[in-house]
1. Those residues that are in contact with a Leu (Cβ under 6 Å, 6 or more places away or on another chain) and farther than 15 Å from T46 by Cβ, I need them from region 15-32; list them, please.
2. Could you tell me whether region 33-45 includes any residue that is crowded, with 17+ Cβ neighbours inside 10 Å and more than 14 Å from the chain's Cα centre (by Cα)?
3. (1) more than 17 Å from I7 (Cβ to Cβ); (2) at pLDDT 90 or above: which one isn't true of T61, the others all being true?
4. What pairs come out if I take residues in region 5-23 that are polar (S, T, N, Q) and pair them with residues that are at pLDDT 90 or above and crowded, with 17+ Cβ neighbours inside 10 Å whose C-beta lies under 7 Å away, six or more apart or interchain?
Amino acid sequence: MTARAEITTRYARAFKAADKRTKGRILDEVVSVTGWSLDNARRRLTSAAQRPPGAGRSVATRPRKQRATSSPMTR
């Protein structure tokens, strides 16, 4: 998984600055190395170019809502 993240960050800036033909070559290379689909590779490269490299995405940015407690009902 870390190898895929390294590959994505390595190619992200080149993908953003490239022309259409070069983007196709970059996508073909990323797809062959990672095994991702073409759409997934394109989506990941464009999102990696927009955000700075880091440890990963933050998980659970807000606390989850508690479930409502059930009231004791008589049957």
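The values are calculated or read from the model by the stated rules, or taken from the named source; none is laboratory data. Here the structure is a predicted model, which means the values were calculated and not measured. Neighbour counts run over all protein chains shown; Cβ positions are idealised from the backbone, glycine included.
1. Within region 15-32, none qualify.
2. Kept after step one, since they are crowded, with 17+ Cβ neighbours inside 10 Å, are these residues of region 33-45: 36, 41-42, 44-45.
After this cut, where a residue has to be more than 14 Å from the chain's Cα centre (by Cα) as well, the list is none.
So far as region 33-45 goes, no, none of its residues is crowded, with 17+ Cβ neighbours inside 10 Å and more than 14 Å from the chain's Cα centre (by Cα).
3. (2)
4. Every condition considered, the pairs that remain are T8/R44; T8/L45.
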